[in-house]
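Novice: The structure is given below, and queries will be raised subsequently.
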Amino acid sequence: MKKRIILVVSLLKIILISFLICRCASEPSLEVSKIRPWSPELNNEFPGEEPGLAIYKNGRYQLYYLGARHENSLSSSTLKMVEQLFKKYDFNVLMIESIPNSSGESPKWFLAEAKKGLKSDFILGGESAWGVIQADKKGIPFFAGEPDHQDIYTYLKKNGYSDLDVIGFYTVRQIPQWIRENENPQGLIDRRAPTFMSHYCRLFSLQKCPSLDEVKEWYKIKNGHVLSYEITNNELSPEHDGKLFTQKIASAVGDCRDQFTLKVIDGLLKKYKRVAVIYGAGHYMTLRKSFDFAMGESQLLRIKELE
């Protein structure tokens, strides 16, 4: 009798352990606490300027994270990798960068803009636009992973940044994007910035919108040199301990975005099981430990290994 009881107890333990293992494998939970602030050292985990595809598999759950280098040419490594992602792998939903998650499931206006921006070897919306075009061909729904700008504004204000800091940073951050979109660099800031700034002042319900001259003076005081279209990516690198003011505020914006984005990915994994993400490579490095902890280490592939 005693042996039979011991056997039953042992079997129950095995069943319980198997259940917990199965439950863990079937319900990965991405923890915000695992997010790391950006630092130049993280580049060592994703060296070089080529994009990479990190593949995670945990039971029924699969995550394909395409760490992009923001590019607009269809012949670029990033956009070629987008094509290979859809060609070689099977997933149920796509998440992209660029627009707020509040835009909802597969917003038609974004798909229309993506198609409209496709001309010869160039696509205006970069890898996000190219990704939704591929998703549309396969009937795969897509969502965006970004918080609303109002949420970022509130986050920055709570962390001590002024309205001028926010509008100034948003304007400076947009300049490289205009250059990537083949805008004429001559007179670019004077031509594009005022309308851009007015839009965000209205969005944030600011009583007084800074002028472009105020933003230029702000930038010169904060970063120590004159604002021009030749602004480097280093000045916008989200470094918490960076020497430049734009790096510090970029770090705060990055923290807000990463926390929100991770929650979106977590929700998509739970609902769709097999998820593809097309996002900046820098975000992969800050979010990576959250993925590793929940789903095990990834397989990281480069474009040469996919073609």
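The values are calculated or read from the model by the stated rules, or taken from the named source; none is laboratory data. All figures in this text were calculated on a predicted structure; none of them were measured in a lab. Cβ: placed from backbone, ideal geometry, glycine included. Neighbour counts: every protein chain shown.
Novice: Does Lys220 meet the test of being surrounded by fewer than 17 Cβ atoms within 10 Å (Cβ to Cβ), assigned to a helix (DSSP H, G or I) and either assigned by TED's automatic domain parsing to the domain that holds Ile278 or among the small types (Gly, Ala, Ser) (or both)?
Specialist: Spelling it out, it is not the case that Lys220 is surrounded by fewer than 17 Cβ atoms within 10 Å (Cβ to Cβ), assigned to a helix (DSSP H, G or I) and either assigned by TED's automatic domain parsing to the domain that holds Ile278 or among the small types (Gly, Ala, Ser) (or both).
Novice: Show the residue pairs that are 6+ apart or on different chains and have beta-carbon atoms under 8 Å apart, the first residue being within the range 25-48 and of a type in the set (S, T, N, Q), the second being assigned to a helix (DSSP H, G or I).
Specialist: If the second residue must be assigned to a helix (DSSP H, G or I), the pairs left are Ser29/Asp266; Ser29/Ala294; Asn43/Met285.
Novice: So which residues in the range 74-90 are touching a Phe, Trp or Tyr at 6+ places or on another chain (Cβ under 9 Å) and in a helix (DSSP H, G or I), if there are any at all?
Specialist: If the condition is that a residue be touching a Phe, Trp or Tyr at 6+ places or on another chain (Cβ under 9 Å) and in a helix (DSSP H, G or I), then Thr78, Leu79, Val82, Glu83, Leu85 are the ones that fit.
Novice: If you don't mind, there's one more thing I want to ask. Could you tell me how many of the residues in the range 290-307 are part of a helix (DSSP H, G or I) and crowded, with 16+ Cβ neighbours inside 10 Å? Write out each step before concluding.
Specialist: Restricting attention to the range 290-307, the residues satisfying the condition of being part of a helix (DSSP H, G or I) are 290-295, 303-305.
Subsequent filtering for residues that are crowded, with 16+ Cβ neighbours inside 10 Å retains 290-291, 294-295, 303.
Qualifying residue count, the range 290-307: 5.
Novice: Do the conditions hold for Val132, that is, is it under 23 Å from Ser77 (Cβ atoms), in a helix (DSSP H, G or I) and either free of Cβ contacts under 8 Å to residues at least 24 places away in the same chain or β-branched (Val, Ile, Thr) (or both)? Talk me through it step by step, then tell me what you get.
Specialist: Details: under 23 Å from Ser77 (Cβ atoms): yes; in a helix (DSSP H, G or I): yes; either free of Cβ contacts under 8 Å to residues at least 24 places away in the same chain or β-branched (Val, Ile, Thr) (or both): yes.
Yes; evaluated as a whole, the condition is true for this residue.
Novice: Just the residues that are closer than 13 Å to Asp163 by Cα, surrounded by fewer than 17 Cβ atoms within 10 Å (Cβ to Cβ) and not basic (Lys, Arg), please, taken from the range 192-205.
Specialist: Ser198, Leu203, Ser205
Novice: Taking only the range 223-243 into account, find how many residues are loosely packed, with under 12 Cβ neighbours inside 10 Å and either without any contact (Cβ under 8 Å) to a residue 12 or more places away in the chain or assigned to a loop (DSSP other than H, G, I, E, B) (or both).
Specialist: Counting residues in the range 223-243 that are loosely packed, with under 12 Cβ neighbours inside 10 Å and either without any contact (Cβ under 8 Å) to a residue 12 or more places away in the chain or assigned to a loop (DSSP other than H, G, I, E, B) (or both) gives 7.
Novice: Still on this structure, I have one more. Can you say whether Ile278 is assigned to a strand (DSSP E or B), in contact with a Ser or Thr (Cβ under 9 Å, 6 or more places away or on another chain), at pLDDT 95 or above and in the same structural domain as Glu49 (by TED's automatic domain parsing), as far as the supplied structure shows?
Specialist: yes
Novice: Checking the conditions here, which among Glu105, Glu71, Glu97 is in contact with a Gly (Cβ under 8 Å, 6 or more places away or on another chain), assigned by TED's automatic domain parsing to the domain that holds Leu118 and assigned to a loop (DSSP other than H, G, I, E, B)?
Specialist: Working: Glu105 fails: in contact with a Gly (Cβ under 8 Å, 6 or more places away or on another chain); Glu97 fails: assigned to a loop (DSSP other than H, G, I, E, B).
Selected residue: Glu71, the only one of Glu105, Glu71, Glu97 that is in contact with a Gly (Cβ under 8 Å, 6 or more places away or on another chain), assigned by TED's automatic domain parsing to the domain that holds Leu118 and assigned to a loop (DSSP other than H, G, I, E, B).
Novice: Something else: Can you go through Leu236, Leu262, Leu244 and tell me which one is more than 30 Å from Met295 (Cα to Cα), among the aliphatic types (A, V, I, L, M) and modelled with pLDDT of 95 or more?
Specialist: Exactly one of Leu236, Leu262, Leu244 is more than 30 Å from Met295 (Cα to Cα), among the aliphatic types (A, V, I, L, M) and modelled with pLDDT of 95 or more, namely Leu244.
Novice: Here's another thing I want to ask about it. Got at least one residue in the range 140-162 being closer than 24 Å to Gly117 by Cα, in contact (Cβ under 8 Å) with a residue 40 or more places away in the chain, of a type in the set (A, V, I, L, M) and outside any helix (DSSP H, G or I)?
Specialist: Yes, the range 140-162 contains a residue that is closer than 24 Å to Gly117 by Cα, in contact (Cβ under 8 Å) with a residue 40 or more places away in the chain, of a type in the set (A, V, I, L, M) and outside any helix (DSSP H, G or I).
Novice: Could you grab me the full set of residues in the range 127-142 that are surrounded by 15 or more Cβ atoms within 10 Å (Cβ to Cβ) and out of contact with any Asp or Glu (no Cβ under 6 Å at 6 or more places or on another chain)?
Specialist: Residues satisfying the conditions are Glu127, Ala129, Trp130, Gly131, Val132, Ile133, Gln134, Ala135, Asp136, Ile140, Phe142.
Novice: Being of a type in the set (Asp, Glu) and closer than 22 Å to Pro141 by Cβ is the filter; apply it to the range 50-105 and report the residue that is surrounded by the fewest Cβ atoms within 10 Å (Cβ to Cβ).
Specialist: Filtering the range 50-105 for residues of a type in the set (Asp, Glu) gives 50, 71, 83, 90, 97, 105.
So of that shortlist, the ones also closer than 22 Å to Pro141 by Cβ come out as 83, 90, 97, 105.
Values: Glu83: 15, Asp90: 11, Glu97: 20, Glu105: 9.
Step by step, filter the range 50-105, then rank; the result is Glu105.
Novice: Taking the range 239-261, which residues are polar (S, T, N, Q) and out of contact with any helix residue (DSSP H, G or I) (no Cβ under 6 Å at 6 or more places or on another chain)?
Specialist: Gln247, Ser251, Thr261
Novice: Still on this structure, please answer the following. Return the only residue of Phe122, Phe142 being closer than 23 Å to Lys273 by Cβ and either aromatic (Phe, Trp, Tyr) or out of contact with any strand residue (DSSP E or B) (no Cβ under 6 Å at 6 or more places or on another chain) (or both).
Specialist: Numbers: Phe122 fails: closer than 23 Å to Lys273 by Cβ.
Step by step, each of Phe122, Phe142 is checked, and only Phe142 is closer than 23 Å to Lys273 by Cβ and either aromatic (Phe, Trp, Tyr) or out of contact with any strand residue (DSSP E or B) (no Cβ under 6 Å at 6 or more places or on another chain) (or both).
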